[in-house]
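The numbers here are math on the coordinates, done by the rules we state, and not lab data. Because the structure is predicted, anything quoted here is derived from the model rather than measured. Neighbour counts run over all protein chains shown; Cβ positions are idealised from the backbone, glycine included.
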Amino acid sequence: MIEGNDIICFSNDWNGDPLSKKHIATRLARKNRILWVNSIGNRNPAVSPHDLRRALKKLLQCCQGLRRVAGNIWVLAPLVIPFHGSRAARRVNRRLLRWRVEQACRMLGFQQPITWTFVPSSADVAGSLGERLLVYHCVDEFSQFTGTNRGAILEMERRLLTRADAVIVSSAKLYESKRAYNPNTFLVRHGVDLEHFRKACLDTTREPEECRRLRRPIIGFFGLIADWVDLQTIRHIALARAQWSFVLIGKVQTDTSPLRGLPNVHLLGRRDYESLPAYCKAFDVAILPFIVNELTVAANPLKLREYLAAGLPVVVSRRCGCAAELVIEGVNGFTVDPFDVAALADAMARVAADSCHRAAMGRFSREIVGRWSPDRFARNLAAAADAALRSGCPTPNMIDRLVLWVLKNR
């Protein structure tokens, strides 16, 4: 088991939505000390009000210094220049970031830490902090996010993959692409907070007031509303099924004009994690309306497991990275061709039409996701880390080292 260690974790901002990364760190913190390093950026910033506000927020967080946010978790908000395609910017970032992290480690008394990084942009520092173990935990195809410098992110990820003692991935697609660079690559699918989301099935859980007044059925989604969410398809179905209500919960980071003026589509904004089971209780059907690209095909969205844990029938694209292992056709939901809007609407209608059938599907959802418990997830993570410690760090061959040197110094 992973216990009694000091762990440096490079990830997204601690105060953001509780993604799988935060669940992992919280789990590790039960028996280890965690230094959580807030986001050091993946995409190039734009001259926009959103990015200016974000830059100001980063500056204010940096001024706060090292913060203790939980019993064994401290958060560091470094200030970096997120232009990963610039060699000069990366040299400055490398020195500043390493200095800030080493300073925090000295303050906390960290000795021979484990670096557990979720972001390829940490490659310039990860592995140079006196670590006894370097783990790259890859949950997305980062180079495919909008606004990234694809070449720079790929180059950094290649170096991180080659240097890491262990690479952990969350989907079969990521396993195929990352294992080519590191034989110590392990597929560990997400666990889910079963206890939290099963609150949706309790009689004591009340549906939110803003949902109780909506017409049934309610087609629901929660998560970041970004450019990988297929708003055009939602628009087509909402127009065709005007008697249905569509509820979308989450922070909006894309143009939502396709949904403007539709009275049966409700963008509720971000809601606290603690309240999500209540919203799930209000849903009749849960959906993952993702477009098809390299990012979404490689993804293994945690929210699908959360839907199932809440006892919801689901309708998802069969191109979704986790559909085959979590959705049994007609038993707990349906998978559909993402390019066939009529089939998608028909699958939703089949689930929504019969409340008894819907309830039975929900029970099967809970059964299917039951094997993805947090305890099993923790055991799998520990097994991957222990295997890496036993095998030692993979050594790149001469050709790999030459390619990496050329990429780094071009």
* Structure fact -> For the chain, the longest principal axis of the Cα atoms and the Cα long axis of helix 341-352 enclose an angle in degrees, to the nearest 10, of 70
* Amide H neighbours of Ile168 under 5 Å, counting only residues 5+ apart in sequence or on other chains, H built in-plane at 1.01 Å? -> Tyr136, His137, Cys138, Phe186
* Structure fact -> The percentage of Cα-Cα pairs in region 309-384 separated by more than 15 Å is 59
* **Gyration tensor over alpha-carbon atoms, region 194-369, equivalent ellipsoid semi-axes in Å** => 21, 19, 16
* Convert each backbone phi in region 137-152 into a coupling constant with the Karplus relation 6.51 cos²θ - 1.76 cosθ + 1.60 (shift: θ = phi - 60°), then list the ³J(HN,Hα) values in order as whole Hz, x for Gly and Pro. => 9, 9, 10, 8, 8, 4, 5, 8, 5, 4, x, 7, 7, 4, x, 5
* Where nothing but the Cβ of Lys and Arg (+1) and of Asp and Glu (-1) is charged, how large is the charge dipole of region 194-369 around its Cα centre, in debye to the nearest 20? -> 440
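Based on DSSP H runs of at least 4 residues, each adding -39500 (n - 2.57), what is the mean residue ellipticity at 222 nm of the chain after dividing by all its residues, to the nearest 500 deg cm²/dmol?
One gets -12000 deg cm²/dmol as the mean residue ellipticity at 222 nm.
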* Structure fact -> Rounded to the nearest 10 degrees, the helix 398-409 long axis (Cα) sits at an angle to the longest Cα principal axis of the chain of 80
* To do: Measure off 7 Å from each Cα along the Cα-to-Cβ vector at Glu294 and Gln232, then give the distance between these two points in nanometres to one decimal.
  => 2.1
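Add +1 for every Lys or Arg and -1 for every Asp or Glu among the other residues with Cβ under 14 Å from the Cβ of Ala342, and state the total.
Numbers: positive: Arg241, Arg350; negative: Asp337, Asp340, Asp346.
Every neighbour counted, the sum reads -1.
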* Asked: Taking the Cα atoms only, what angle lies between the long axis of helix 355-369 and the longest principal axis of the chain, rounded to 10 degrees?
  -> 20
* How large is ³J(HN,Hα) for each residue in region 66-78, as worked out from phi by the Karplus curve 6.51 cos²θ - 1.76 cosθ + 1.60 (θ = phi - 60°), to whole Hz, x for Gly and Pro? -> 7, 10, 8, 10, 7, x, 10, 10, 10, 10, 10, 10, x
* Which of Pro277, Trp228, Val75, positive extreme of dipole for the chain (C-beta unit charges) -> Val75
* Whole-number D in µm²/s for the chain (Stokes-Einstein; Kirkwood sum over Cα pairs; 25 °C, 0.890 mPa s) -> 109
* Once the other residues with Cβ under 14 Å from the Cβ of Trp99 are scored (Lys, Arg +1; Asp, Glu -1), what is the net sum? -> +4
